[in-house]
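Novice: Here it is, the structure, as structure tokens.
The values are calculated or read from the model by the stated rules, or taken from the named source; none is laboratory data. All values reported here derive from a predicted model rather than from experimental measurement. In this analysis, Cβ positions are derived from the backbone assuming ideal geometry, glycine residues included, and neighbour counts consider all displayed protein chains. SASA here: full protein model, heavy atoms, side chains in, ligands and nucleic acids out. Shrake-Rupley method; radii C 1.70, N 1.55, O 1.52, S 1.80 Å.
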Amino acid sequence: MPLRPIDAIFVHPEKRLYVVYFRGELWQLPRMKVDHAAWQRRQTYDGNTKSLYLSRNQIVTDPILARTLRTLNLPTAIRGSTLPRFEAWWEVHGFEWLKSLLNNGESPLAAHQSSVKSPVLNIQSLDNAKTDVVNPIEKTETLESAKSATEENAFDNMLAELTNEVLHHRP
């Protein structure tokens with residue numbers, strides 16, 4: 001079992017479907033779309049794990065599903081690798097890769113890669129679990145920008161939880 005249960009999106013190219021690696025278990029989605037509706041109709045994947053390839057796009061754009069699936073912006077070198085190769089990489093390098101990103105104040109979450117270009121955290125201290133999340137909201141925002149800000153805040157909260165988990169609860 002990996003050091004930290006991870007969420008990742010895999011593709012089965014022959015059956016043309018997504019398989020989600022959700023904290024060590026494989027779940028098959030009924031269609032080629034990763035959203036809350038597809039997640040509700042998921043089924044246990046019982047096919048050949050060697051035919052699954054890590055998706056190049058790990059971003060979950062559905063804000064409801066993104067609260068459940070905390071996919072990471074994994075290094076380019078392992079994207080497209082098979083499930084067994086990905087698990088081997090994660091066991092050897094995953095924790096240190098994740099810890100170094102968090103120590104540098106960078107977000108490892110794939111959700112942040114679509115909306116935030118700069119680091120979103122300012123980690124005050126390794127001994128302190130508090131983090132400052134940068135998310136200014138102006139009073140004159142429209143309804144659409146308010147929804148976007150709420151979605152980003154959910155992603156920032158997920159990042160704060162992940163930072164606390166990795167930096168303060170080392171196995």
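Novice: What number of residues within region 1-19 satisfy the criterion of being closer than 15 Å to residue 90 by Cβ, in a strand (DSSP E or B) and not small (Gly, Ala, Ser)? Outline the logic, then answer.
Specialist: From region 1-19, those closer than 15 Å to residue 90 by Cβ are 1-10; that's our starting set.
Checking the rest, the ones that are also in a strand (DSSP E or B) come to 7-10.
With not small (Gly, Ala, Ser) added as a condition, the list becomes 7, 9-10.
Within region 1-19, residues that are closer than 15 Å to residue 90 by Cβ, in a strand (DSSP E or B) and not small (Gly, Ala, Ser) number 3.
Novice: How many residues does region 1-36 contain that are within 29 Å of residue 96 (Cβ to Cβ) and either hydroxyl-bearing (Ser, Thr, Tyr) or open to solvent by less than 20 Å² (accessible area, probe 1.4 Å) (or both)? First the steps, then the outcome.
Specialist: From region 1-36, those within 29 Å of residue 96 (Cβ to Cβ) are 1-11, 18-27, 34; that's our starting set.
Retained after the next criterion (residues that are either hydroxyl-bearing (Ser, Thr, Tyr) or open to solvent by less than 20 Å² (accessible area, probe 1.4 Å) (or both)): 2, 4, 6-10, 18-21.
Number satisfying all stated conditions: 11.
Residues are listed down the side, and each one gets a yes or a no for (1) touching a strand residue (DSSP E or B) at 6+ places or on another chain (Cβ under 7 Å); (2) modelled with pLDDT of 90 or more; (3) of a type in the set (Asp, Glu):
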| residue | (1), (2), (3) |
| --- | --- |
| 45 | yes, yes, no |
| 58 | yes, yes, no |
| 80 | yes, yes, no |
| 87 | no, yes, yes |
| 104 | no, no, no |
| 110 | yes, no, no |
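Novice: Please specify each residue of region 37-61 satisfying the condition of being in a loop (DSSP other than H, G, I, E, B), surrounded by fewer than 18 Cβ atoms within 10 Å (Cβ to Cβ) and of a type outside the set (Val, Ile, Thr).
Specialist: 41, 42, 46, 47, 48, 56, 57
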